[in-house]
Number of protein chains: 2
Amino acid sequence: MAIGPDELCELLPVEGIRIGAANAQIKRPEGDDIIVFELSPDCEVAAVFTRNQFCAAPVIVAREHLQKGMMPGHVRYLIVNTGNANAGTGDEGLATAYQMCETLSDRREMVMPFSTGVIGERLAIEKIMDAAPEALASMAPDNWARAARGILTTDTRPKGSSRQVQLGEETITITGISKGSGMICPNMATMLAYVACDGRVSPEALQLLLSESSAKTFNRITVDGDTSTNDACVLIATGVRGEEPLHPDHADWEAFAEAVEAVMTELAQAIVLDGEGATKFITVQVDDAATPGEALEVAYTVAHSPLVKTAFFAADPNWGRILAAVGRARFDASHGNGSLDLRAVRIDLNEVCIVSNGGRDAAYTEAAGQAVMAEEFITITIRLGRGSCSDRVWTTDLSYDYVKINAEYRS
Amino acid sequence: MAIGPDELCELLPVEGIRIGAANAQIKRPEGDDIIVFELSPDCEVAAVFTRNQFCAAPVIVAREHLQKGMMPGHVRYLIVNTGNANAGTGDEGLATAYQMCETLSDRREMVMPFSTGVIGERLAIEKIMDAAPEALASMAPDNWARAARGILTTDTRPKGSSRQVQLGEETITITGISKGSGMICPNMATMLAYVACDGRVSPEALQLLLSESSAKTFNRITVDGDTSTNDACVLIATGVRGEEPLHPDHADWEAFAEAVEAVMTELAQAIVLDGEGATKFITVQVDDAATPGEALEVAYTVAHSPLVKTAFFAADPNWGRILAAVGRARFDASHGNGSLDLRAVRIDLNEVCIVSNGGRDAAYTEAAGQAVMAEEFITITIRLGRGSCSDRVWTTDLSYDYVKINAEYRS
């Protein structure tokens, strides 16, 4: 199950990036399951990683190699395998992650490795070594769609976004792909996402842009509240176009940053649309909170409530569950002693007001509730009446298929 | 679905308490759905309530009447209805809760009302008024089992516990009942529980005992992480037996408190055993944490993880999900900067060590993992290697039936 159209949009090549793929028989007997990105020497690379303390071996190695390579051209390859996360694998897993890098270059620190799939099983590195030459031989600039398919695990569809933005005389192309469907509650970035543009960007600005944009996009989605051990998001600027490197004081910065965030928003939402067993795309919008943290806490409390999620699956306007979830959230204790003025709270589902004055809205009807719950895209707007802070997260419902997928995965 | 035997144990009468029941056609066309407890004039009553800010109207009224009645004999009746929570019902709901009290006594402050069921719908108070005389007419000391059945909602079985403890020459009887199956993550008490003993207990000691015991029992269970708007737990001492009131400095206090806690433990575990869709009873035991709060946080993070819960439902030793859940918990930042020494972490499922030295235990085998996951009662023991604090919660797996029950409830 998944929400919205299945088709992958056209993914424009980004000059300075070539992509290869091969079947290493890690995830599946046929079809790509390793992907290699080759970066031209002028590329700047920024990345954010999971904050899960049991982060996977490739996350440790990718972070280490990125830190060594804080100059253009240091990172030359990204290698991704699907089917095995190489997480919870101890010292052997770490050695394997280094070996993955060595399959592409004698200078392993020029390579960032990424793995996704089952946690806790040995990664068959010999299969990756065998398949790497085929991946290198298939290198081409227009392999983005192939890569979008090759990195999937329980996803039902590839995810990509591409757009161009005019900055002065230059047309900058931004293209990205992502994967993820379960274990989705990114704390730093989502499962895996790779975004590249052909502009010239200063390294500090690139990392800043990635941190800010991923906070607003990948870090605002949740399928099941489980933060993966392998989350990573990489942003590459190939530096092919533009004279002066872009940075926040540049006249074109805002247009550029907006375009990058738009691509990342599409990639993040694509993960929710393809969330495990998802039948609804739910936006939880919290307004008038006392603090930004409180807004986010309320949004996540509602988004993670199994009872709210099953009510959406049933398309049942059992809105009391939303009210109960709001009521159990942790409010900022330094504002009004953390206590909620129930009469000031208002909750809407799309255009239908369900709660006001501490109870069911006087104008609410079951027919209106049922009509809105039948829609595929639903925004829950929760006004807390405590201040002026807002936040929102995107999530899914909880269906039989979520349980089925996760009870049967692995076996 | 439910775990363990279905039979209700023998529930001994508690002198000083009589119980009546009737069908008011709120929850079902036949069978009891309102219950009345009549307390003799010497009873001491203590209660704890939900901390959900959207607490139900009867919770507000019960708390108010209990506070007025801090002397023996003030509270004379408890009235409980199932089928409608009278929560999220605003001013009308509050008026209804007061009317529930008035059906039993002209002095409404002598009555504590309790409701459980669907949130956000009007409670048909006229039906309760009509049925109250029948409930009063059926008053008897040995109606505990009938009450245990009459308060159920989505529960599949009644829950009760009864025991006697010898204090000097007196035999004290303690009997309790509870209900709850979903929306279970009590923050103060569970859905509904009523425990009575015929001992003499000082009012302060009774409230202290209830607070401490419910913290260790009802506040340590979770089915789905959703804290109800209607949670309440009442502890009554009828004062029939014993000369001196029991209090913490009394020679018999420890034996008495242990017996009360044992009854409450059975009632709390009975809710988990009957958790919505449950096929496994899982104890999450966290040891060697830096702080008590950290131990509880890790235990809840694991107990609430949908991926951990579905793996238990599948009886699949996909233990990487446990490790991932531990890794995303919030650790106390004042100890080692909140960072986990992965090599010091050890995780066991019953007698099978799954994680040590930062990865899969060297002696672990898939066969051993499968054998332990096939059991109905599983203890996950997580040693953090950060200190000497412990805590544990009891929870269930996440099955198709959980989704089915919650997608179909109401409709």
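The values are calculated or read from the model by the stated rules, or taken from the named source; none is laboratory data. Worth saying up front: this structure is predicted, and the values here are computed from it rather than measured. Cβ sites come from the backbone with ideal geometry, for glycine too, and all protein chains shown count toward neighbours.
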Practice task
Any chance you could count how many residues in segment A:299-334 are at the interface with another protein chain (Cβ under 7 Å from one of its Cβ atoms) and more than 23 Å from A:Glu375 (Cβ to Cβ)?
Solution key: 2
Practice task
Among the residues of segment A:335-353, write down those that are touching a residue at least 12 places away in the same chain (Cβ under 8 Å) and either part of a loop (DSSP other than H, G, I, E, B) or within 7 Å of chain B (Cβ to nearest Cβ) (or both).
Solution key: A:His335, A:Leu340, A:Asp341, A:Leu342, A:Val345, A:Asn350, A:Glu351
Exercise for the section: Restrict the check to segment B:174-195 and report whether at least one residue is surrounded by fewer than 24 Cβ atoms within 10 Å (Cβ to Cβ), more than 14 Å from every other protein chain (Cβ to nearest Cβ) and of a type outside the set (Ser, Thr, Tyr). Expected result: no
Problem - segment A:73-94, residues that are more than 12 Å from chain B (Cβ to nearest Cβ) and either out of contact with any Pro (no Cβ under 7 Å at 6 or more places or on another chain) or at pLDDT 95 or above (or both) - result: A:His74, A:Val75, A:Arg76, A:Tyr77, A:Leu78, A:Ile79, A:Val80, A:Asn81, A:Thr82, A:Gly83
Handout entry: Test result for A:Gly387, outside the structural domain of A:Asp226 (by TED's automatic domain parsing) and free of Cβ contacts under 8 Å to residues at least 40 places away in the same chain
Key = no
Problem - Within segment B:215-329, helices (runs of 4 or more DSSP H) holding 2 or more residues that are in contact (Cβ under 8 Å) with a residue 40 or more places away in the chain and in the same structural domain as B:Gly120 (by TED's automatic domain parsing) - result: B:253-273
Handout entry: In segment B:35-45, the residues that are surrounded by fewer than 23 Cβ atoms within 10 Å (Cβ to Cβ) and assigned to a strand (DSSP E or B)
Key = B:Glu38
Handout entry: segment A:198-214, subset touching a helix residue (DSSP H, G or I) at 6+ places or on another chain (Cβ under 7 Å) and in contact (Cβ under 8 Å) with a residue 60 or more places away in the chain, residue farthest from the other protein chains (Cβ to nearest Cβ)
Key = A:Leu209
Fill in the blank from the handout: Quick count over segment B:105-135, residues being surrounded by fewer than 23 Cβ atoms within 10 Å (Cβ to Cβ), in contact (Cβ under 8 Å) with a residue 12 or more places away in the chain and assigned to a loop (DSSP other than H, G, I, E, B), is 4
Exercise for the section: Test A:Phe54 against the stated conditions and say whether it is assigned to a loop (DSSP other than H, G, I, E, B) and over 21 Å from A:Glu204 (Cα atoms). Expected result: yes
Problem - Members of segment A:21-72 found to be among the aliphatic types (A, V, I, L, M) and within 14 Å of chain B (Cβ to nearest Cβ), listed by number - result: A:Ala56, A:Ala57, A:Val59, A:Ile60
Exercise for the section: Please list, ordered by first then second residue, the pairs with beta carbon atoms under 6 Å, 6 or more apart or interchain, first in segment B:357-371 and at positive phi and free of Cβ contacts under 8 Å to residues at least 40 places away in the same chain, second in a helix (DSSP H, G or I) and surrounded by 18 or more Cβ atoms within 10 Å (Cβ to Cβ). Expected result: B:Asn357/A:Gly90; B:Gly358/A:Gly90; B:Gly358/B:Leu342
Handout entry: Evaluation of A:Leu210 against (1) closer than 19 Å to A:Phe37 by Cβ; (2) under 22 Å from the mean Cα position of the chain (by Cα); (3) not in a helix (DSSP H, G or I) (one fails), failing number
Key = (3)
Exercise for the section: Among the numbered conditions (1) buried (at least 19 other Cβ atoms within 10 Å of the Cβ); (2) at pLDDT 90 or above; (3) under 13 Å from the mean Cα position of the chain (by Cα), tell me where B:Val260 comes up short. Expected result: (3)
Practice task
Evaluate segment A:352-367: report whether one residue or more is over 23 Å from B:Thr229 (Cβ atoms) and either crowded, with 17+ Cβ neighbours inside 10 Å or hydrophobic (A, V, I, L, M, F, W, C) (or both).
Solution key: yes
Problem - For A:Ile282: the one exception among (1) more than 24 Å from A:Tyr194 (Cα to Cα); (2) in contact with a helix residue (DSSP H, G or I) (Cβ under 7 Å, 6 or more places away or on another chain); (3) within 14 Å of another protein chain (Cβ to nearest Cβ) - result: (3)
Problem - Residue check, A:Ser138 buried (at least 21 other Cβ atoms within 10 Å of the Cβ) and either touching a Phe, Trp or Tyr at 6+ places or on another chain (Cβ under 7 Å) or of a type in the set (Ser, Thr, Tyr) (or both) - result: no
Problem - Matching entry among B:Val223, B:Val240 (being out of contact with any Lys or Arg (no Cβ under 7 Å at 6 or more places or on another chain) and within 14 Å of chain A (Cβ to nearest Cβ)) - result: B:Val223
Exercise for the section: Given the conditions (1) modelled with pLDDT of 90 or more; (2) of a type in the set (S, T, N, Q); (3) within 25 Å of B:Gly359 (Cβ to Cβ), report the number of the one that A:Gln53 does not fulfil. Expected result: (1)
Problem - Failed condition for A:Thr229, given (1) buried (at least 18 other Cβ atoms within 10 Å of the Cβ); (2) out of contact with any Cys (no Cβ under 6 Å at 6 or more places or on another chain) - result: (2)
Exercise for the section: Please enumerate the residues belonging to segment B:355-411 that are more than 14 Å from chain A (Cβ to nearest Cβ) and in a loop (DSSP other than H, G, I, E, B). Expected result: B:Glu375, B:Glu376, B:Gly387, B:Ser388
